[in-house]
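Here's the structure, in structure tokens; my notes come after.
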């Protein structure tokens with residue numbers, strides 16, 4: 001069964017939402033709170049160690065009901081079943097979408113082309129476990145017999161963003177190994193990493209499904225050349241491992257066949273950290289913690305699959321995003337984690353959300369006549385309060401925001417944690433209520449300053465409150481947003497799991513690179529022609 005191909009704006013629910021929006025678009029949330037003392041309880045979900053409060057949104061019970069009807073009308077339940085059962089829902093690439101299978105229990109059965117993929121997944125997980133333990137416990141050493149001290153992950157996109165985000169997020173749980181990430185083809189990036197490592201004690205993890213990605217292979221070859229300045233050719237087998245499907249190219253590079261960790265075409269790059277792409281995570285925090293990350297994601301998978309939509313965290317968050325994107329015409333969403341550990345979380349979600357749902361053609365191959373995708377941005381609080389919160393509070397743009405916080409600090413400094421959480425909670429209250437002219441006057445401000453100190457409020461937020469940042473709770477949190485992406489794609493009637501939009505620039509880059517090497521001179525627009533010529537003139541000055 002394929003995903004449904006319904007234009008969402010033709011549904012009854014969408015039409016009801018549009019009429020309803022015209023009636024309540026100017027509603028004040030603080031009025032809704034004053035009218036209903038149970039509002040916070042009605043619009044919140046307590047699940048496991050998560051408390052999700054979505055009451056500070058410009059919705060009524062009627063709004064919520066129409067949104068839920070939209071989910072039903074686009075046959076979201078059937079779509080969820082199709083994804084988890086291994087049907088080929090990534091039609092444009094002819095693939096199933098089964099990153100969820102990577103965290104499923106060993107007793108499950110999930111068929112792809114009639115074959116149960118779970119045993120193969122667990123074979124790879126066992127290989128990750130054994131390899132990680134051997135490196136961490138110094139049972140596997142470098143070519144001079146020294147224990148490894150550093151890990152360098154070489155990849156880009158999903159082969160970099162996911163592992164890099166998780167390793168930083170779980171920094172509290174890391175072991176003695178120092179972890180580095182090389183992604184950008186900018187040579188300055190790889191050389192800055194090389195400055196920090198010793199070839200005798202560094203393990204390199206090359207992550208590339210095809211082993212042909214330009215950025216990854218350029219960096220891998222630069223590091224290989226550097227490494228061979230102080231090591232014999234056969235030492236590559238001890239110091240380099242690969243996560244790839246292209247066994248022959250990996251072996252040609254010099255990597256031993258036993259050090260190749262497989263990938264599968266039913267796992268998209270931006271959802272691949274749960275696979276062998278997460279090898280660097282396992283090395284950094286230990287396999288047990290990596291496994292807890294997967295277990296947390298699986299718990300969220302079960303919640304998403306089985307919970308009624310009105311109590312379903314990813315579904316509710318996706319519906320609210322649709323509400324703002326398609327009816328209020330809000331183009332961006334801010335992700336504000338109140339934890340420095342989640343410094344890269346918004347960056348990670350930028351790829352997951354914008355690469356997945358940045359589409360303008362529907363599942364029928366027709367141009368969409370409605371907005372899809374949202375622009376994702378953000379930074380940890382409280383830093384962000386001193387940066388871009390001015391725009392959210394008093395700017396002209398409507399910017400829905402997700403606030404993510406943890407009840408407990410990891411290092412146990414209660415004074416710091418109380419200050420952090422007071423800001424976390426105060427900001428959503430301030431965005432809700434704002435400050436009226438009367439309140440500004442009552443504070444004794446100069447009359448000339450009064451209009452500048454008024455806050456309109458009525459700015460929507462979701463609050464995701466989690467007990468503690470752990471591998472398991474992080475797994476749940478990442479899975480929330482993965483499933484939110486899926487729900488939005490289903491409603492927007494687009495294919496979320498291809499990314500053809502990244503290819504054109506790469507193709508043109510190869511043409512220009514050939515020209516920069518002096519092999520050809522191609523026809524370009526006058527701007528590009530001038531820029532190429534400028535680079536050629538100035539690069540050696």
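The values are calculated or read from the model by the stated rules, or taken from the named source; none is laboratory data. Keep in mind the model is a prediction, meaning the values are calculated, not measured. We place every Cβ from the backbone using ideal geometry, glycine too, and count neighbours over all the protein chains shown.
Quick rundown of the values:
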{"item": "Residue 335, sole failed condition from (1) assigned to a loop (DSSP other than H, G, I, E, B); (2) crowded, with 22+ Cβ neighbours inside 10 Å; (3) in contact with a strand residue (DSSP E or B) (Cβ under 7 Å, 6 or more places away or on another chain)", "result": "(1)"}
{"item": "All positions within the stretch 191-225 that are under 18 Å from residue 149 (Cα atoms), in a helix (DSSP H, G or I) and in contact with a helix residue (DSSP H, G or I) (Cβ under 6 Å, 6 or more places away or on another chain)", "result": "194, 199"}
{"item": "Enumerated helices (runs of 4 or more DSSP H) restricted to the stretch 461-541, each holding at least 3 residues that are crowded, with 23+ Cβ neighbours inside 10 Å and within 16 Å of the chain's Cα centre (by Cα)", "result": "471-492"}
{"item": "Residue tally, condition under 16 Å from residue 493 (Cβ atoms), touching a strand residue (DSSP E or B) at 6+ places or on another chain (Cβ under 8 Å) and in contact (Cβ under 8 Å) with a residue 12 or more places away in the chain, over the stretch 340-373", "result": "3"}
{"item": "Unique residue being buried (at least 24 other Cβ atoms within 10 Å of the Cβ), in the same structural domain as residue 142 (by TED's automatic domain parsing) and over 18 Å from residue 343 (Cβ atoms) when the list is 162, 158, 187", "result": "158"}
{"item": "Which listed residue is assigned by TED's automatic domain parsing to the domain that holds residue 55, modelled with pLDDT of 95 or more and part of a loop (DSSP other than H, G, I, E, B), from 409, 384", "result": "409"}
{"item": "Out of 110, 45, 9, sole residue that is within 29 Å of the chain's Cα centre (by Cα), at pLDDT 95 or above and within 30 Å of residue 269 (Cβ to Cβ)", "result": "110"}
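Matching residues to (1) assigned by TED's automatic domain parsing to the domain that holds residue 480; (2) farther than 15 Å from residue 501 by Cα; (3) at pLDDT below 95; (4) surrounded by 18 or more Cβ atoms within 10 Å (Cβ to Cβ):
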| residue | (1), (2), (3), (4) |
| --- | --- |
| 323 | yes, yes, no, yes |
| 327 | yes, yes, no, yes |
| 331 | yes, yes, no, no |
| 342 | yes, yes, no, yes |
| 351 | yes, no, no, yes |
| 373 | yes, no, no, yes |
| 376 | yes, yes, no, yes |
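Quick grid of which residues meet (1) touching a helix residue (DSSP H, G or I) at 6+ places or on another chain (Cβ under 8 Å); (2) surrounded by 20 or more Cβ atoms within 10 Å (Cβ to Cβ); (3) farther than 28 Å from residue 176 by Cβ; (4) outside the structural domain of residue 199 (by TED's automatic domain parsing):
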| position | (1), (2), (3), (4) |
| --- | --- |
| 83 | yes, yes, yes, yes |
| 89 | yes, yes, yes, yes |
| 110 | yes, no, yes, no |
| 117 | yes, yes, yes, no |
| 126 | no, no, no, no |
| 129 | yes, no, no, no |
| 146 | yes, no, no, no |
